[in-house]
Amino acid sequence: MTSSSAVLETLNTTPLYKWHLQKGAKMVPFAGYEMPLQYPDGIITEHHHVRKDAGLFDVSHMGVIKVEDDPEHIWVLERIIPVDIKEMLVGQMKYGLLLSEDGYIMDDLIISRFESYFLLVVNAGCKYQDFDYLKRFLKCEMLENIALLALQGPKARSVMQSLCPKASELTFMTTSTFHILDKEVWTSCSGYTGEDGFELMVPSEIAVNIVDALCANPVVLPIGIGARDSLRLEAGLCLYGHDMDVTQTPASASLTWSIGQRRRKEGDFVEDEKILNELSQGTEMKRVGLKGLSKTIAREGAAIYDRGEKIGNVTSGIPSPSLGYPIAMGYVPTSLARLDTALEVEVRGQKYPFVVTKMPFLKQNYYRG
């Protein structure tokens, strides 16, 4: 049996590890890293703080892959990420799905275009698998010695104004590089909470200086991965490995909107015939949002029932701090995916009422200018 200390020794740490400890963070294993679950104020306080002020997240566990911008690379990327990449403008970002050669979702990611290269921000648990997969088809580089930070919340823009006024002018899903503390910092207007906010890629050596400068503003609190999970679920955003994985396709995961318009017309991506057929004909199962009609929380793995018959499973579920009732995502037969369909979820041997509801559960507040 492996001791807990031995397990911890195998975990990676981010450039802000010691900073988290100094702030009183409770550290837990997540995607191969020691990450802050919460700080002394607790997950619920952190969640509400992001919704009304601004929170700072360490997301340095995620991967950043650099691909040179040339026609051959664009063709390859479009084969395995069915986004209209060719038409992207410099400074534009898009959400995309990295597809396996048989058309299933290997990961979801954000792709950004710069003057001479693309950056792909990929999930922590998939980054080495993604990198190895991409290397089979094109030249790419995994960026090292960086920290990734996310400043999120309705007051994030005013906080960014004090750190870098030009960066605070970015609108949702746009990006650029700016000089902050005499270093080049990749900055984007994006995030994983449904709120206005920014993500920064900074050299490791200035990471602590950047977070100290941001947290010097009284409206900013450090936020752990516990609140990050409840915030993203309220915003209707998937967590790879939970709400979708390599057994799902874009249609079954309810992510068909991520496929570019030109790609729908032209195809020319992996398993395009199958995927485009699913777009028009539908799939057997589909990811839906679920609203609890009691106080009982449906957690990941809970069975979903229709009139006594098991029909699916919950993939994520929480008691929503913002809404005051349980919410969840799960997979059900497409015939039962209509809004307001009454279902039940089994929790500790008893069944409780849930209803299919629209997502996001909470209005998104992205700044579009």
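Values quoted throughout were computed directly from the atomic coordinates according to the rules given, and no laboratory measurement underlies them. The structure displayed is predicted, hence computed values, not measured ones. Cβ atoms come from the backbone with ideal geometry, glycine included; neighbour counts cover every protein chain shown.
Can you pull out the GluC sites (Glu not before Pro) in the stretch 250-311 that DSSP calls coil and that have at most 12 other Cβ atoms within 10 Å?
Of the GluC sites (Glu not before Pro), the ones in loops of the stretch 250-311 whose Cβ has at most 12 other Cβ atoms within 10 Å are E284.
R136 to H242: extension gain in nm, 0.36 nm per residue of separation minus the Cα-Cα distance?
35.5 nm
With each run of n ≥ 4 DSSP H residues scored as -39500 (n - 2.57), what mean residue ellipticity at 222 nm is computed for the chain after dividing by its residue count and rounding to the nearest 500 deg cm²/dmol?
Theoretical 222 nm ellipticity from helices: -6000 deg cm²/dmol.
Fewest first, what order do M329, M285 take by the number of other Cβ atoms within 10 Å?
Ordered by Cβ neighbours within 10 Å, fewest first: M285, M329.
Pull up the cross-link candidates among the lysines for K139, meaning alpha carbon to alpha carbon under 25 Å and not fewer than 8 places away within one chain.
Output for K139: K66, K86, K94, K127.
Distance between the C-alpha centers of the stretch 233-275 and the stretch 17-76? Whole Å please.
What the calculation gives is 24 Å, centre to centre.
Hey, quick one: spin label on T357, modelled 7 Å out along Cα-Cβ, who in the stretch 233-263 has an amide N within reach, i.e. under 18 Å?
233-238
First select every other residue whose beta carbon is under 14 angstrom from the beta carbon of W186; then total the charges, Lys and Arg +1, Asp and Glu -1.
Net of charged neighbours comes to +1.
Among E205, E346, E78, which one shows the highest mean-square fluctuation when the chain is modelled as a Gaussian network with alpha-carbon springs under 10 Å?
Of E205, E346, E78, the Gaussian network model singles out E205 as fluctuating most.
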